[in-house]
Amino acid sequence: MAFLIDGKKISAEIKDELREKVAALKEAGKELTLAVIQVGNDKASTVYVGNKKKACEYIGVRSLAYELPEETTEEELLNLIAELNARDDVNGILVQLPLPKGICEDKVLLAIDPNKDVDGFHPVNVGRLWIGDKGFESCTPAGVIQLLKRSGITISGKECVVIGRSNIVGKPMAAMLLRENGTVTVCHSRTKNLSEVTKRADILVVAIGKPKFITAEYVKEGAVVIDVGIHRNEDNKLCGDVDFESVEPVASAITPVPGGVGPMTIAMLMCNVVRSEEIK
């Protein structure tokens, strides 16, 4: 039976560590502030924003909530971001995606000061990651690295395969595994003989966006399997990109869905907020 990598437990440990750091910063006269902007009333976004506010409250970070109506224009949103960029008391700015039609996400993300881009999406921070410079890291892949390290799984020298090449998960995931001295292959929709490539993996990170796509035939005996996907199946139950029931007997360690990678994203967002003092 595979070792179950517990994202809830590890994310709670990280938030407790951050709570102590924030308390120490407050004693030194430094208060951290995260500004969260939501445009419109997308239900999933509202849940995510609520979870981010709770995490801020728990670790002791002040949060500013900007809940803008659906009809907000791109210019109005960019003006708000410019105001927050200029505020010395704001350490991090997060714009919840997706944005309503008519607002260009790329333009909005580019408008955020890279030194306040706690999502790690700005091209400056992406570049910093690839060259090994100090900057904010994309939260989900950073969470995967912490799951591996805190579960005692060595990355250095391992054959690592990432399925998916998105800017939010796949590409930064590859960069972070490379930084940890993994030998990295990135697979995608045009990869030929996918199962042949994935069966080489000591560590397989799946961010393909297709429910239960990866079955046992894609996984090497004893591999570590990290499932980044999240979907609802025909019974309205959460599942990942990995067919857990099929893969778990083959893997040496695996993340569940829910309770694996998901809780880590917000924990790593909080890490970025706390690290904002170093990045200034």
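The values are calculated or read from the model by the stated rules, or taken from the named source; none is laboratory data. Everything quoted here is computed from the prediction, not taken from an experiment. As a convention, Cβ positions derive from the backbone with ideal geometry for all residues, glycine included, and neighbour counts pool all protein chains shown.
Show the residue pairs that are 6+ apart or on different chains and have beta-carbon atoms under 7 Å apart, the first residue being within the range 154-176 and acidic (D, E), the second being assigned to a strand (DSSP E or B).
E159/T183
Out of (1) more than 23 Å from N193 (Cβ to Cβ); (2) modelled with pLDDT of 95 or more; (3) of a type outside the set (A, V, I, L, M), the odd one out for E278 is which?
Evaluating E278 over (1) more than 23 Å from N193 (Cβ to Cβ); (2) modelled with pLDDT of 95 or more; (3) of a type outside the set (A, V, I, L, M) leaves (2) as the failure.
Could you grab me the full set of residues in the range 104-129 that are closer than 15 Å to R179 by Cβ and crowded, with 16+ Cβ neighbours inside 10 Å? Steps first, please.
Kept after step one, since they are closer than 15 Å to R179 by Cβ, are these residues of the range 104-129: 120, 125-129.
Scanning the range 104-129 gives G120, N125, V126, R128, L129.
Hey, among the residues in the range 9-64 that are in contact with a Phe, Trp or Tyr (Cβ under 9 Å, 6 or more places away or on another chain) and among the basic types (K, R), which one's farthest from K149 (Cα to Cα)?
This residue is R19.
Within the range 181-198, work out how many residues are closer than 16 Å to F213 by Cβ, modelled with pLDDT of 95 or more and of a type in the set (S, T, Y).
The total comes to 3.
Acidic (D, E), under 23 Å from D6 (Cα atoms), without any contact (Cβ under 8 Å) to a residue 40 or more places away in the chain and surrounded by fewer than 18 Cβ atoms within 10 Å (Cβ to Cβ), is that true of E245?
On the way: acidic (D, E): yes; under 23 Å from D6 (Cα atoms): yes; without any contact (Cβ under 8 Å) to a residue 40 or more places away in the chain: yes; surrounded by fewer than 18 Cβ atoms within 10 Å (Cβ to Cβ): yes.
Judged against the criteria, E245 is a match.
Is it true that some residue in the range 195-215 is closer than 30 Å to N41 by Cα, in the same structural domain as V250 (by TED's automatic domain parsing), part of a helix (DSSP H, G or I) and within 17 Å of the chain's Cα centre (by Cα)?
Among the residues of the range 195-215, not one is closer than 30 Å to N41 by Cα, in the same structural domain as V250 (by TED's automatic domain parsing), part of a helix (DSSP H, G or I) and within 17 Å of the chain's Cα centre (by Cα), which makes the answer no.
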